[in-house]
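J.: Okay, here's the structure, questions in a sec.
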Amino acid sequence: MELLKAHNRQILTASGTPIRLRGYNIGGWLNMEDFINGFVGAEHNLRATMARILGKEKAQFFFDRLLDYFFTEDDVKAMAEIGCNVLRLPFNYRHFERDDRPFEYIEDGFKRLDLAFDWCAKHDIYIILDFHAVQGWQNPDWHSDNAHVHIMLYHHKLFQDRFVGLWEQMARRYGKHPALAGYDLMNEPSTRVRYEDYDSPDYDWAALNAVHRGVAAAIRKIDPDHIIFIEGDNFSCEYDGLDVTFDDNLVVSTHNYMSSTGGGKPYPGEIDDLYWNRDIVAAELGMHSGTRLAFKHRKPIFVGEFGVWYAGYPDALPYRVAALDDQLGVFDSAGIHWAIWTWKDIASMGSFNLDPESEYVRLIQPIQRAKKEAADWEGEMPKGAVARAMKGTADAIDDYLTEAGLGAQIDRRWFAQYTLFGYLAQFLQVPFASSLQNKSETEIDRILQAFQLKNCVKNTALFDTVKKHLC
Amino acid sequence: MEFLKVKGDQIVKQDGHPVRLRGFNLGGWLNMEDFVNGFPGAEHILRETMARIAGTDRARAFFDGWLAHFFTEADVAQMAALGSNVLRLPFNYRHFEPDERPFEYLEDGFRRLEQAVDWCARHGLYVILDCHAAQGWHNPDWHADSAHMQVLLFTHRHFQDRYVALWREIARRFAGNPAVAGYALLNEPVTRIEYERYDPSYFDWDGLNNVYQRAAAAIREVDREHILFLEGDNFSSEYAGLDVSFDDNIVLSLHNYIEATDCDGEYPGIVDNEYWNKERVEQRFHEHSGTQFAQQHGLPVLVGEFGALTDIPEAQAANRIAAMRDQIETYEAAGVHWTVWTFKDIGIRRGVFRLNPESEYRRLIEPVLQARRAFADWNHESDTPAGRSIVHLMDAIDETLFEFDLPIERGRFKQYMMFGHNAHLLQVTFAHLFRNKFPTEIDRLLQAFTIQECRAYPSVLDLLEKYMKPTTGALA
């Protein structure tokens, strides 16, 4: 495999030939996520809860087996067979470094990553290392393993030092590996949490740029060659103040989730007060703040995340897939590099899903139902008594603030995430752990085999659409 | 002043004469607190919110003015006049070390602290330096400056390194200073927070003991003399696994908040569905895990925090103060040291001195205080539509999750919602109050916190003076 370089608006191989990177994200492996893996809350809290309820050894056994089965050479082979040439590989620092022993690295984590590199090299797939859950949290969401929506990275020098330290390790260990495409410095950074206006455009560009520049400089001392992938503020939606000038070998990475690829509405058709069709899909990409920045600075664009959310709307899958088909077609016309979210999950976005009849899915059914009814903070609010009560609380507080003339309003999206994820989801980890309490290691091993590719169910419509744009 | 040290279960001067420490806590100065200072939420979030909304100049005027007026030599003179001989001084590490520049120390913070110790020395008061808000948070509450109930200190080596280094720096600066009684290593440590039912069997004693031993070792590198004050887990209520073997100059510190000083009801009489009288007060103190632990290990005891709710209707307050009197008599009879919480506050809870309710500052923030009562006071039921809606929400959650037979922990949930979310929402409205004020005007408003402008609660003052004033006995 040849070394890749960003040159002007293209990615070139060492011999100077343009290459288009296209493939999957492997969410849920070295960064476990609530809706992907089927637990609730944040991974690090789950590990603590499991250790407390199951005992340290059995908890460790559970997580080790989950890692063993979730991603194997079979997965890489299946990606290669349909023409993928890149894998974006999200990781959580906790698989490589412990909070109680900073700067000491965990060989078990690197062993798994070594395997992934070897499998990918064997099947001609490049790896983009994606730092998805950073020390001190780079954003308030579950996918950065943040349990309590509190962002510390940008203010805490010691978390930044550890962030740099782990990237240095990665560069030292994989900087010479033929399968490495480059380093995605930080997934979906978010410098600001607000209590009154989640979407306010008040970003701390100085802080974000300083963290990016610091880590890039450290990587460059070890690895002068591989591509730096960089993402904008507000979960990779805002790029206006982003510094991309500090390195020549740099790709702008954006995320491109759209209304047309989630939920139950027909496509083409009206969604969120806009008639969605291929023109709008093209405009969403073209006018994306990251696209404009990349164009201005003549940098390649890698859409590191986009995808279809079909959970809860099985009948609407043809519409979602049609929207995805248009989106991928737009990427094709623009020569955009992409990695779709995500390869495998329980039943929400993956091209492969766990078998609904598998023992694991049946075991977590009560927790999933409880999450749906009480603690589903994303997009779709829970519909029952908890949702009504949440609305009642938000209304009552807003009424008070309006009557008292206090000039503030609840940001309901933030309020929902704070309550339902920050508290309730962590709470539901207790029954999740309890459901495994009486299982032997043999049983746990068998249950987790549900994550093996051969035991998963292919989402054919979705998979075939992705495949179509890989040929 | 003479250096203090521990001898057996007593605190003694150099000549071996026992001393009884009696005095105040100074909450709200170097560790600002929601209901002490009258803003909603956590100090470090308020600093960000103020800077963002009112601008950095106004934010600086606000916090500097606050520190300048909240505590002056006149406050120390007042404490001395009442007869106290000790001040427990809570501090937040953020006044001494920024997160952005760990291990670099802020001279402004140390200048204030050194001045406070000098004032106390001049008026014959010892100072206990109390680490109330540690790096990485050592408990989930507002008073540790924790906004979202996170506790990271015990699992994060880096926060521990900073915490330990700050104690070494403090000890280096105060080593040899006889006006310092000693170092209270952590206020109300908590090694875990509970999302479900409280499980008293699950404490991380290794985590807590390790942090204490590291801090003590760092202090002893530069200061062999000062006393170490140690508190137990779960907000200083559990002591069974505490290690006190690593130093021979240790005072056991415990907190003794009780229903009789905090809840409604006649005293003596039924308070919170239980009969409370002096016997019950004594029993509660003697059965305290900390009291028993100190006895087993032959250590002196400091009741570092206790106090009565006084900002309630006067007839009720008399009951609460009567219970507090019985507490003090219990401590006196048991020969333990005590510091009451707290010297001064905004006037919504338990300050001995309170802001004048007619002061311009208090009137300015009144709408925010009212909103806080309506939906952001996690310690009370708020009988407002917004307050009741939180109860409905908890009911709805328990109803929806009934199959798990695991009701949510309501106290924690209320705190998570009403403090973590609602109070920080109200910080926005608090900051708006100062948005159009000149820095000089902000400073003038904050003069309401000077002792000259504050009001005392006379019967509390009488009570404290009676027991603090030196008598002719050996323990004078």
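J.: Take the Cα coordinates of the stretch B:391-476, assign each an equal point scatterer, and use the Debye formula without solvent to give log10 I(q)/I(0) at q = 0.12, 0.19 Å⁻¹.
T.: Normalising to I(0) and taking log10 leaves -0.79, -0.94.
J.: When Cβ neighbours within 10 Å are restricted to other protein chains, what is their mean count per residue of peptide B:458-466?
T.: What the average comes to for B:458-466 is 0.
J.: Amide H neighbours of A:Ile271 under 5 Å, counting only residues 5+ apart in sequence or on other chains, H built in-plane at 1.01 Å?
T.: Correct list: A:Trp276.
J.: How large is the dipole of the protein assembly as shown about the Cα centre if only Lys and Arg carry +1 and Asp and Glu carry -1, each at its Cβ, rounded to the nearest 20 debye? Write down the numbers at each step before the final one.
T.: Working: 98 positive and 140 negative charges, 303 e Å.
Rounded to the nearest 20 debye, it is 1460 debye.
J.: A follow-up question, please. So what is the diffusion coefficient of the stretch A:307-459 in µm² per second by Stokes-Einstein at 25 °C and 0.890 mPa s, using a Kirkwood Rh over Cα pairs? Let's see the in-between values first.
T.: Details: Rh = 18.6 Å.
D, rounded to a whole number, is 132 µm²/s.
J.: Now for a separate question. Note down the magnitude of the dipole of chain A about its Cα centre, charges +1 on Lys and Arg C-beta and -1 on Asp and Glu C-beta and zero elsewhere, to the nearest 20 debye.
T.: Numbers: 50 positive and 68 negative charges, 175 e Å.
That gives chain A a dipole magnitude of about 840 debye.
J.: What Kirkwood radius, in Å to one decimal, follows from the Cα pairs of the stretch B:231-288?
T.: Values: mean 1/r = 0.0756 Å⁻¹.
Across the stretch B:231-288, the inverse of the average 1/r is 13.2 Å.
J.: Per DSSP H run of n ≥ 4, the term is -39500 (n - 2.57); total these for chain B, divide by its residue number, and report the mean residue ellipticity at 222 nm rounded to 500 deg cm²/dmol.
T.: Computed mean residue ellipticity for chain B: -13000 deg cm²/dmol.
J.: If I require 18 Å or longer along the helix axis, counting alpha carbons, and a Kyte-Doolittle average no lower than 0.0, what helices from chain B are left? Use full DSSP H segments. Kindly include the intermediate steps, with their values, before the conclusion.
T.: Values: long enough: B:56-70 (21 Å, -0.24); B:107-122 (22 Å, -0.96); B:157-174 (26 Å, -0.93); B:205-222 (26 Å, -0.29); B:314-334 (30 Å, -0.57); B:360-375 (24 Å, -0.54); B:385-400 (22 Å, 0.05).
Long hydrophobic helices here: B:385-400.
J.: Size of the stretch B:59-126 along its principal axes in angstrom, Cα-based, largest extent first?
T.: Computed over the Cα atoms, the extents are 42, 25, 15 Å.
J.: Any chance you could check the Cα centroid distance between the stretch A:265-283 and the stretch A:231-245 for me, in angstrom?
T.: Computed from Cα coordinates, the inter-centre distance equals 26 Å.
J.: If you don't mind, there's one more thing I want to ask. Determine, for each peptide in A:147-154, B:424-431, B:100-107, B:405-412, the mean count of other beta carbons within 10 angstrom over its residues, then list the peptides with the highest first. Intermediate results must be reported in sequence, preceding the final value.
T.: On the way: A:147-154: 21.0, B:424-431: 24.8, B:100-107: 12.9, B:405-412: 15.2.
Highest-to-lowest ranking by the protection proxy: B:424-431, A:147-154, B:405-412, B:100-107.
J.: Would you grab the residues whose amide H sits under 5 Å from the one on B:Leu87? Only those 5+ places off in sequence or on another chain, please, with H modelled 1.01 Å from N.
T.: B:Tyr126, B:Val127, B:Ile128
J.: With only alpha-carbon atoms counted, please give the Rg and Dmax of the stretch A:295-369, in Å.
T.: For the stretch A:295-369, the Cα radius of gyration and maximum Cα-Cα distance read 16.2, 52 Å.
J.: Something else: Hey, what did chain A get for relative contact order, percent, Cα under 8 Å, at least 6 apart? Spell out each step's value before the answer.
T.: On the way: 865 pairs, mean separation 95.4, N = 471.
Relative contact order comes out at 20 percent.
J.: Additional query: Three principal axis extents, largest first, for the C-alpha atoms of the stretch B:38-96, in Å?
T.: 44, 22, 19
J.: Which value in Å does the Kirkwood hydrodynamic radius of the stretch B:66-185 take, with 1/r averaged over all unlike C-alpha pairs and then inverted? Provide the component values of the computation, followed by the final result.
T.: On the way: mean 1/r = 0.0660 Å⁻¹.
It is 15.2 Å.
J.: Additional query: Setting aside same-chain residues fewer than 8 positions from A:Lys58, which lysines have a Cα under 26 Å from its Cα?
T.: A:Lys111, A:Lys344, A:Lys371, A:Lys439, A:Lys454
J.: Net charge near B:Glu221, counting Lys/Arg +1 and Asp/Glu -1 over other residues with Cβ under 10 Å of its Cβ? Intermediate results must be reported in sequence, preceding the final value.
T.: Values: positive: B:Arg168, B:Arg172, B:Arg220, B:Arg224; negative: B:Asp223.
Local charge sum for B:Glu221: +3.
J.: Ratio to report: Rg/Rh of the stretch B:300-394, with Cα atoms as the point set and Rh obtained by the Kirkwood method; give two decimals.
T.: On the way: Rg = 16.8 Å, Rh = 15.6 Å.
Radius of gyration relative to Kirkwood radius: 1.08.
J.: Starting from the eigenvalues of the Cα gyration tensor, five times each then square-rooted, give me the equivalent ellipsoid semi-axes of the stretch A:86-231, largest first, whole Å.
T.: Numbers: eigenvalues 141, 51, 44 Å².
Largest first, the stretch A:86-231 gives 27, 16, 15 Å.
J.: Using only the alpha carbons of the stretch B:335-456, determine the length spanned along each of the three principal axes and report them from longest to shortest in whole angstroms.
T.: 58, 52, 21
J.: Something else about it: Can you list the residues, at least 5 places off or on another chain, whose amide H is less than 5 Å from the amide H of A:Ile340, using H built in the peptide plane?
T.: A:Gly23, A:Tyr24, A:Asn25
J.: Going Cα to Cα from A:Lys5, which aspartates and glutamates come in below 12 Å? Please leave out same-chain ones fewer than 8 positions away.
T.: Excluding near neighbours in sequence, the set is A:Asp225, A:Asp247, A:Asp248.
J.: Another question, then. Find how many whole Å separate the alpha carbon centroid of the stretch B:222-265 from the alpha carbon centroid of the stretch B:1-42.
T.: Spelled out, the Cα-based centre of one part sits 12 Å from the other.
J.: At a temperature of 20 °C and a viscosity of 1.002 mPa s, determine how fast the stretch B:11-66 diffuses translationally according to Stokes-Einstein, using the Kirkwood radius over alpha-carbon pairs as Rh; express D in µm²/s, rounded to the nearest whole number.
T.: On the way: Rh = 13.8 Å.
Result for D is 155 µm²/s.
J.: For the stretch B:355-406, build the convex hull from the C-alpha positions and give me its volume per residue in Å³.
T.: Details: hull volume 4.2 nm³, N = 52.
Cα convex hull per residue, to the nearest whole number: 81 Å³.
J.: For the stretch B:123-153 and the stretch A:85-162, what is the separation of their C-alpha centers, rounded to whole Å?
T.: With the stretch B:123-153 and the stretch A:85-162 each reduced to a Cα centre, they are spaced 31 Å.
J.: What does the net charge come to around A:Leu46 if you take all other residues with beta carbon closer than 10 Å to its beta carbon, with K and R at +1 and D and E at -1?
T.: Working: positive: A:Arg47; negative: A:Asp34, A:Glu43, A:Asp145.
Local charge sum for A:Leu46: -2.
J.: I've got another one for you. Could you bin all the Cα-Cα distances of chain B into 10 Å bins starting at 0 and give me the percent of pairs in each, rounded to whole numbers?
T.: The distribution over chain B is 4, 20, 32, 29, 13, 2, 0, given as percents.
J.: Equivalent-ellipsoid semi-axes (√(5λ), Cα gyration tensor) for the stretch A:271-335, whole Å, largest first?
T.: 25, 13, 11
J.: Another question, if that's okay. With a Cα-only, solvent-free Debye model of the protein assembly as shown, what are the log10 I(q)/I(0) values at q = 0.04, 0.05 Å⁻¹?
T.: At q = 0.04, 0.05 Å⁻¹ the computed log10 ratios are -0.21, -0.32.
J.: Still on this structure, please answer the following. Using only C-alpha positions, report the orientation-averaged shadow area of the convex hull of the stretch B:241-379, nm², one decimal. Could you put the intermediate results ahead of the total?
T.: On the way: hull surface 42.2 nm².
Average of the hull's projected areas for the stretch B:241-379 equals 10.5 nm².
J.: So, one more: Using just the C-alpha positions of chain A as equal point scatterers, what log10 of I(q)/I(0) does the Debye formula give at each q in 0.06 1/Å?
T.: -0.25
J.: Something else now. Just check the stretch A:245-356 against the gyration tensor rule for me: Cα atoms, a ≥ b ≥ c as the square roots of the eigenvalues, rounded for a/c under 1.5, and otherwise prolate or oblate depending on whether a/b exceeds b/c. Write out the running numbers ahead of the final one.
T.: Numbers: a/c = 2.76, a/b = 1.53, b/c = 1.81.
Oblate.
J.: Here's something else I'd like to know. Under unit Cβ charges (Lys, Arg +1; Asp, Glu -1), what dipole magnitude, rounded to 20 debye, does the stretch A:241-314 have relative to its Cα centre?
T.: Details: 6 positive and 9 negative charges, 37 e Å.
It comes to approximately 180 debye.
J.: Hey, what do the phi angles of the stretch A:127-144 turn into as Karplus ³J(HN,Hα) couplings, whole Hz, using 6.51/-1.76/1.60 and θ = phi - 60°, x for Gly and Pro?
T.: Each residue of the stretch A:127-144 in turn: 10, 9, 6, 10, 6, 9, 9, 8, 3, x, 6, 9, 8, x, 9, 4, 6, 9 Hz.
J.: Further, regarding this structure: I'd like to know which of B:Ala323, B:Val303, B:Tyr275 lies farthest towards the positive end of the charge dipole of the stretch B:254-328, counting +1 on Cβ of Lys and Arg and -1 on Cβ of Asp and Glu.
T.: B:Val303
J.: In whole Å, what three semi-axes, largest first, describe the equivalent ellipsoid of the stretch B:191-302 built from its Cα gyration tensor (square root of 5 times each eigenvalue)? Mind dumping the intermediate values first?
T.: Numbers: eigenvalues 192, 65, 24 Å².
Working through the eigenvalues yields semi-axes of 31, 18, 11 Å.
J.: With bins 10 Å wide starting at 0, give me the P(r) of the stretch A:1-160 over every alpha carbon pair, in whole percents.
T.: The percentages, shortest bin first, are 10, 33, 33, 20, 4, 0.
Here, each number is a calculation from the coordinates, and none is a lab measurement. These figures come from a predicted structure and were not determined experimentally. No Cβ is skipped: glycine too gets one built from the backbone with ideal geometry, and neighbour counts run over all protein chains shown.
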